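Reading through the structure tokens given below for one structure.
The values are calculated or read from the model by the stated rules, or taken from the named source; none is laboratory data. Note that the structure is a prediction, hence the values are computed from the model and not measured. Reconstructed Cβ throughout: ideal geometry from the backbone, glycine too, with neighbour counts over all protein chains shown.
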Amino acid sequence: MKYVGGAVVLAWCVAAAWTGLAQARRLPPDLMPRLDQEFHAFARVLPSDTVIGYLEPYRNGAADAAVQMQYAAQYALAPHVIVPHVGPDFLIVARDTARPGGDSRLANYVEVLEIPGGHRLFRRTD
């Protein structure tokens, strides 16, 4: 009888492990390592000890993907400080952030660098 209880516990452990593995396989891939690498490409052209602006998405700025992208930029470019608005001398425009067809928020900026991930770095002209 004592073997039956052990077999039940073992079966329950195997079932729980299988369920956990199945759920883990359905999770989306972790994008942070790729985003970190993409944003880190800006570090070579940014002066040290500068505040960098970050253009908020023209819509759905609080969406999980937009917030994740901003955190990735901050992490990749530390110790620079990333602020979520235009105004600083340098401005990061993450992919799919600017309004299609032109964005008036970029009026006083000129593009400095575009990296393969589609993120762009701008510098203020005035």
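Before moving on, here are some points about what is shown:
- Scanning the range 1-44 for residues that are at pLDDT 85 or above and more than 17 Å from GLN74 (Cβ to Cβ) yields a total of 1.
- Hits in the range 109-118 - residues which are in a loop (DSSP other than H, G, I, E, B) and either exposed (fewer than 13 other Cβ atoms within 10 Å of the Cβ) or at pLDDT 90 or above (or both): PRO116, GLY118
- Count of residues meeting criterion [touching a Pro at 6+ places or on another chain (Cβ under 8 Å) and under 16 Å from VAL110 (Cβ atoms)] in the range 38-53: 2
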